[in-house]
1. Enumerate the lysines that Lys26 could reach by cross-link, defined here as Cα to Cα under 26 Å, with residues fewer than 8 away along the same chain left out.
2. For the stretch 3-62 and the stretch 112-190, what is the centre-to-centre distance using only Cα atoms, to the nearest Å?
3. Would you mind working out the magnitude of the charge dipole of the stretch 9-65 relative to its Cα centre, with +1 at each Lys and Arg C-beta and -1 at each Asp and Glu C-beta, to the nearest 20 Debye?
4. Can you find, among Ser111, Ser194, Val30, the residue sitting farthest towards the positive end of the charge dipole of the chain, where Lys and Arg contribute +1 and Asp and Glu -1 at Cβ?
5. What ratio of Cα Rg to 2.2 N^0.38 Å holds for the chain?
6. In terms of the Cα gyration tensor, with a ≥ b ≥ c the square roots of its eigenvalues, is the stretch 32-126 rounded because a/c is under 1.5, prolate because a/b exceeds b/c, or oblate?
7. Using a probe radius of 1.4 Å on heavy atoms only, what accessible surface per residue do you get for the stretch 1-90? Whole Å² is fine.
8. Apply the a/c threshold of 1.5 to the C-alpha gyration tensor of the stretch 96-135 and tell me whether it is rounded, prolate or oblate.
Amino acid sequence: MDDLTLERGTSLQEKPGTACTGVPAKGPAVEWELRLPGRPLLTVHDTRWDNGERDLVLYQPTVVPEIPAALSNLHNRLRVGIARAPGNTTTLRIMAFPAWVDGERPRIKKSLTTAQLAAKYGLQQLRDLTARPGVALHSAGGRVDVPGCDVDDPQDDIRIQHALSFPAEDDETPVIAFTYLRVVPVFRHVGWLSMVAV
């Protein structure tokens, strides 16, 4: 997609901060470098807090490069928490809430049909993501009245909260998902990326 690349960077020593639940914590972070030709380097932090929480966020450096306001407003906001899948000790999950921009402020949309999620994420990108070993898209609430979250035939009838599950040892899948759910929609809004074909 428009030469967008995501590469694992350095591992940082313990940094202070606040976990998703709002408690002060410390923890190491893995930096992931997000590159787009002709644009400033952006960094995603995958932080494992000492209280057991883990999250992903677009990291705000000390000196922020000149970038559009909507993208700057994404720094250190709209984190994605990574948690154990209910009833499973070997699988993790993130909520698949895509970003959208309200004026210059990125926000998230929680309930969508699977077809709407595929349109926002990019249908082929979502298919590629769920084709990875052990990765699955499903209803977060476990509702039995919801059609399956089939990316080959995405339902467009019932809005649900989607979750993406992946093996606990897979460090790449959540970062890819975060990039497409949070950062790419803002890139599109500011004109840094073209729309993804559905």
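The values are calculated or read from the model by the stated rules, or taken from the named source; none is laboratory data. Quick caveat: nothing in here was measured; it's all calculated off a predicted structure. Cβ placement follows ideal geometry from the backbone for every residue including glycine, while neighbour counts extend to all protein chains displayed. These accessible areas exclude ligands, DNA and RNA; they are computed on the full protein's heavy atoms, side chains included. Shrake-Rupley method; radii C 1.70, N 1.55, O 1.52, S 1.80 Å.
1. Lys15
2. Spelled out, the Cα-based centre of one part sits 21 Å from the other.
3. Details: 6 positive and 7 negative charges, 31 e Å.
Here the stretch 9-65 has a charge dipole of around 140 debye.
4. Ser111
5. Normalised Rg, Cα atoms only: 1.00.
6. It is oblate, given that a/c is not under 1.5 and a/b is not larger than b/c.
7. Counting only protein heavy atoms, the per-residue value for the stretch 1-90 is 55 Å².
8. prolate
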